[in-house]
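The values are calculated or read from the model by the stated rules, or taken from the named source; none is laboratory data. Quantities reported herein were computed from a predicted structural model and do not represent experimental measurements. Don't worry about glycine lacking a Cβ; one is built from the backbone with ideal geometry, like all the others, and counts go over all protein chains shown.
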Amino acid sequence: MRHSRTRSRAVRPKRPTRLQSPGRLQPPTRLRRTALFAAVTMATALLAGCGTSGSAATGPAPCTTPGFSPDSIKLGWVYPDTGPLAQALGAARSGFVARVEQQNAAGGIHGRKLTFAWRDDVGSGAQNLEAMRDLVENEHVFGVVESTTAAAGGADYLHEQEVPVAGLPAEAIWAEHFYDNMFAHAYVITSGPSVDTFGTFVKARGGTKAAIVLSDTDQVSNQISEKVTDSLRAAGIEVSPTKFIYNPTHTSRSQLGEQLKNAGVDTVAGALSAADTSEVMAGAHEAGAVVKVFLSAAGYDRGVLQEKGATIAGLYTYMNYVPFLNRTPAHDLYIDAMRAYAPELQPPDQELALIAYLSTDIFLTGLLRGPACPTRASYIRTLRGVTDYNAGGLLPGPVDFKNWGQLNLCYTFVRVNDQGTDYELVKDPGGADRWCGKRLPDQ
């Protein structure tokens with residue numbers, strides 16, 4: 001039985017929602033390569049890894065579930081097509097379309113073709129709620145895939161309606177156990193305990209004393225930094241008690257560099273953007289601070305690499321998905337799907353497109369592993385029962401949807417090479433492409 005939960009909301013006037021015919025996106029505006037923090041499948045072989053049994057076995061059966069017709073299943077897709085986040089998240093639409101059409105080419109799901117209707121939430125919580133209502137009540141979709149930072153806007157409504165949703169885990173709400181209908185490939189913002197993976201990595205690179213650089217404007221990055229701090233301490237690395245703050249508008253990088261030098265740290269960690277981290281690194285270098293390890297949760301950004309490569313040479317960062325540096329068969333299937341069904345995105349190996357592809361694959365996994373005619377409630381139970389999801393090899397470790405909301409144990413670590421021209425994979429001491437640790441005790 002579901003428990004009611006209410007949240008106060010200001011009543012805002014509704015604004016028109018951009019509507020398009022289901023199943024087709026209009027030709028995209030200019031899509032650009034992007035990397036968004038923190039805070040990620042395929043046909044035949046890859047689909048087998050995700051549980052494609054019965055994709056078209058006995059043909060469709062009569063079904064009265066919302067979104068189901070004799071020959072189709074209708075999904076919803078939400079993202080900010082306009083507004084301040086449109087450029088950052090624009091590539092996501094191509095990843096969604098590619099995964100849907102890839103599944104259709106493989107025979108659909110239990111003999112039914114996938115169709116979809118989409119809405120623009122402008123990156124606004126109020127508009128996200130309006131978009132979800134429209135998709136559920138007017139378009140009658142079965143469930144929703146979204147790539148937005150405003151998912152909290154429609155979360156209560158979707159939960160009350162028992163509508164399943166998968167998406168970008170850029171908000172703490174994805175990790176809350178109340179929302180059992182929300183699925184993601186990772187949880188970067190969580191109230192649960194940390195893992196020792198980050199500390200183990202830093203210790204292996206020679207770090208002994210760390211400074212944690214925080215933001216005075218971005219509490220999300222600070223929450224991530226808190227988990228890194230716990231991980232460092234668990235590995236026996238001393239964390240300086242000095243409070244180091246970086247603000248791109250007010251902070252003098254040279255003064256911050258002097259602070260780091262005077263603190264005697266050999267490790268600098270945090271979750272600032274790649275651009276801000278480049279300024280912190282420049283300040284440390286200018287001050288002559290002897291730092292062995294610069295570690296950032298958001299350092300994988302080829303745009304910043306192209307602009308400030310020399311400055312961020314040696315920077316380490318980590319990801320909760322397998323990057324294209326270690327190209328796998330799963331990546332090849334992703335690239336093939338992008339070329340076939342979303343050729344407008346160039347180059348196709350963009351982070352947000354891959355994460356939207358992952359989110360879509362998560363949603364389809366619940367359909368593929370369930371009966372031909374699920375209810376929304378039975379779908380949620382089925383997907384919550386999956387404890388070994390790895391997107392056919394696109395994730396460094398399995399995701400447990402049954403015990404969700406915790407930090408992942410496994411990550412891929414990469415380093416900016418000494419020339420500042422590219423990223424290189426950092427293998428663990430045993431030669432593996434991933435670093436896996438243990439969960440710390442809950443405090």
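A compact table of results
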item: Options Gly309, Gly299, Gly303: the member that is crowded, with 22+ Cβ neighbours inside 10 Å and at negative phi; result: Gly299
item: Residue within segment 160-177 that is surrounded by fewer than 24 Cβ atoms within 10 Å (Cβ to Cβ), under 30 Å from Thr64 (Cα atoms) and at pLDDT below 95 present; result: yes
item: Matching residues in segment 265-299 - criterion: being touching a Pro at 6+ places or on another chain (Cβ under 8 Å) and either assigned to a loop (DSSP other than H, G, I, E, B) or of a type outside the set (Gly, Ala, Ser) (or both); result: Asp276, Glu279
item: Residue check for Thr197: among the polar types (S, T, N, Q), at pLDDT 95 or above and surrounded by fewer than 22 Cβ atoms within 10 Å (Cβ to Cβ); result: no
item: Residue selected from segment 381-392 under the condition farther than 18 Å from Leu168 by Cα and surrounded by 18 or more Cβ atoms within 10 Å (Cβ to Cβ), by the criterion nearest to the chain's Cα centre (by Cα); result: Gly392
item: Given (1) among the acidic types (Asp, Glu); (2) closer than 15 Å to Phe363 by Cα; (3) within 19 Å of the chain's Cα centre (by Cα), index of the condition Glu171 fails; result: (2)
item: Conditions (1) modelled with pLDDT under 95; (2) surrounded by fewer than 19 Cβ atoms within 10 Å (Cβ to Cβ); (3) assigned to a helix (DSSP H, G or I); number of the one not met by Arg339; result: (1)
item: Close pairs (8 angstrom Cβ cut-off, 6 or more residues apart or separate chains): more than 16 Å from Val202 (Cβ to Cβ) in segment 215-231, among the acidic types (Asp, Glu) and buried (at least 20 other Cβ atoms within 10 Å of the Cβ) anywhere; result: Ser215/Asp276
item: Residue check for Asp134: farther than 30 Å from Ala284 by Cβ, surrounded by fewer than 21 Cβ atoms within 10 Å (Cβ to Cβ), out of contact with any Phe, Trp or Tyr (no Cβ under 8 Å at 6 or more places or on another chain) and at pLDDT 95 or above; result: yes
item: Sole residue being modelled with pLDDT of 95 or more, crowded, with 21+ Cβ neighbours inside 10 Å and over 18 Å from the mean Cα position of the chain (by Cα), chosen from Ala204, Ala210, Ala184; result: Ala210
item: Check on Leu352, exposed (fewer than 15 other Cβ atoms within 10 Å of the Cβ) and touching a Leu at 6+ places or on another chain (Cβ under 7 Å); result: no
item: Test: residue in segment 217-231 that is over 22 Å from Val416 (Cα atoms), modelled with pLDDT under 95, outside the structural domain of Ala150 (by TED's automatic domain parsing) and in a loop (DSSP other than H, G, I, E, B); result: yes
item: Scope segment 401-424; condition over 14 Å from Lys308 (Cα atoms) and among the charged types (D, E, K, R); matching residues; result: Lys402, Arg415, Glu424
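Here's the yes/no breakdown for (1) in contact with a helix residue (DSSP H, G or I) (Cβ under 8 Å, 6 or more places away or on another chain); (2) in a helix (DSSP H, G or I); (3) at pLDDT 95 or above:
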position: Leu367; (1), (2), (3): yes, yes, yes
position: Gly370; (1), (2), (3): yes, no, yes
position: Pro374; (1), (2), (3): yes, no, yes
position: Leu383; (1), (2), (3): yes, yes, yes
position: Lys402; (1), (2), (3): yes, no, yes
position: Gln406; (1), (2), (3): yes, no, no
position: Glu424; (1), (2), (3): yes, no, yes
